[in-house]
1. Can you pull out every residue in the stretch 36-54 that is surrounded by 13 or more Cβ atoms within 10 Å (Cβ to Cβ) and more than 24 Å from A13 (Cα to Cα)?
2. Condition test on H33, is it in contact with a helix residue (DSSP H, G or I) (Cβ under 6 Å, 6 or more places away or on another chain), open to solvent by 30 Å² or more (accessible area, probe 1.4 Å) and either closer than 30 Å to K213 by Cβ or charged (D, E, K, R) (or both)?
3. For the stretch 130-150, does any single residue satisfy the condition of being modelled with pLDDT of 90 or more, open to solvent by less than 90 Å² (accessible area, probe 1.4 Å), on the phi > 0 side of the Ramachandran plot and not basic (K, R)?
4. Give the stretch 53-102 a look and list any residue that's at pLDDT below 90 and at positive phi, or say none.
5. Of all the strands (runs of 3 or more DSSP E) wholly in the stretch 64-134, which have at least 1 residues that are within 17 Å of the chain's Cα centre (by Cα)?
6. Six or more apart or on different chains, Cβ under 9 Å: which pairs go from a residue in the stretch 76-95 that's surrounded by fewer than 16 Cβ atoms within 10 Å (Cβ to Cβ) to one that's of a type in the set (S, T, N, Q)? Could you list them?
7. Name the single residue, out of those in the stretch 181-202 being within 23 Å of G15 (Cβ to Cβ) and outside any helix (DSSP H, G or I), that is most open to solvent (accessible area, probe 1.4 Å).
8. Pull up the stretch 102-114, narrow it to residues that are farther than 21 Å from A176 by Cα and in contact (Cβ under 8 Å) with a residue 24 or more places away in the chain, then point me to the one that is surrounded by the fewest Cβ atoms within 10 Å (Cβ to Cβ).
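The values are calculated or read from the model by the stated rules, or taken from the named source; none is laboratory data. These numbers were taken from a predicted model, which means no experiment stands behind them. Virtual Cβ from ideal backbone geometry, glycine too; neighbours counted across all protein chains shown. Remember, those area values only see protein heavy atoms, side chains included, never the ligands or the DNA or RNA. Shrake-Rupley method; radii C 1.70, N 1.55, O 1.52, S 1.80 Å.
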Amino acid sequence: MSRNLFRAVIMGAPGSGKGTVSARIVKTFNMKHISSGDMLRNNIEKSTELGKIAEKYIKEGKLVPDIHITKCILGELAQLKSSSWLLDGFPRTPEQAEDLWRQEKIDSVINLDVPFDVIVDRLRSRWVHLPSGRVYNIGFNDPKVPGKDDVTGEPLSQRPDDDPVAVRKRLEIYDACTRPLNEYFHQQGVLVTFSGKTTDEIWPNVKKYLESKIVKS
């Protein structure tokens, strides 16, 4: 058995399980994981030119302009011509989508569709170990000791933006921003939507789809 090179984008609302599905895709199919958020944080920590620009905008509560994010992401992808990769967190605007499409051959845009009511309930029960970013969900992915991180034993916290009212607002914004992206990638013939209420319900279908696209005899 051998594998085709495969380049994909993954999309999903906050709380949709995108992080978990991404991790499973990357591990199962040995793909590079390119996260725009991680790249920005790394650049800020290293005080690169991009990092200094990004930090300035973030401190002002503004989005980092397209030109800087696009240059960073496309520059990274240009170095991965012989690798399969999964792009997470980019594109976020139609302009970014068009720039990405012009430079790269995108095989698939994986869109996770989870009902907003399910996401609100999920995030209401989400607890986080802030220093590491480890996430727990009461009733689904409980910590071994209630209220404590499994690794360090330090206390867990709930994010203020996981409040149901705040979550619904974030979801509305996400929906408005991503609708044009879904339409764009649908027109290109690469959008594939996977619907469900849980990651364990969605993942087998994602896995089966990718196996049909990546693995060949």
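1. N43, I44, T48, L50, G51, I53
2. The answer is yes for H33.
3. Yes, that holds for at least one residue.
4. Result: G61, single match.
5. Correct list: 85-88, 108-113.
6. A78/Q103; E95/T70
7. K197
8. Out of the qualifying residues, it is K105.
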